[in-house]
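Structure first, commentary second.
Just so you know, all these numbers are worked out from the coordinates, no wet-lab data involved. This structure is a prediction, so every number in the text was calculated from the model and none was measured. Please note: Cβ atoms are built from the backbone with ideal geometry, for glycine as well, and neighbour counts cover all protein chains shown.
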């Protein structure tokens, strides 16, 4: 049986699934932006693949972590209290800065 959220009247599973899908879209965006660096491989050489590899592997990691934590989120929603994913958000910020930095280094080294 699916419990209902007191505020919205929606099933808790639906809220968790929407959150997982939002993180999946974020991971896909990180992967696409990272793969944009690969198009410069002909001009920059193999160093252009460094941001691409970093971004795609980070996107896979984000997707796997959010999928694996969905069960915990459902339990938290059922109890009526959830903890914000601060570490996930901080990691995403660090990935974005690192991706930008490695892209800049790849451009400056060539």
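Numerical summary
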{"quantity": "Residues (crowded, with 17+ Cβ neighbours inside 10 Å and closer than 30 Å to residue 45 by Cβ) located in the range 59-91", "calculated": "59, 62, 63"}
{"quantity": "Sole residue being part of a helix (DSSP H, G or I), under 15 Å from the mean Cα position of the chain (by Cα) and surrounded by 13 or more Cβ atoms within 10 Å (Cβ to Cβ), chosen from 56, 32", "calculated": "56"}
{"quantity": "Test: residue in the range 83-106 that is part of a loop (DSSP other than H, G, I, E, B) and either at positive phi or over 13 Å from the mean Cα position of the chain (by Cα) (or both)", "calculated": "yes"}
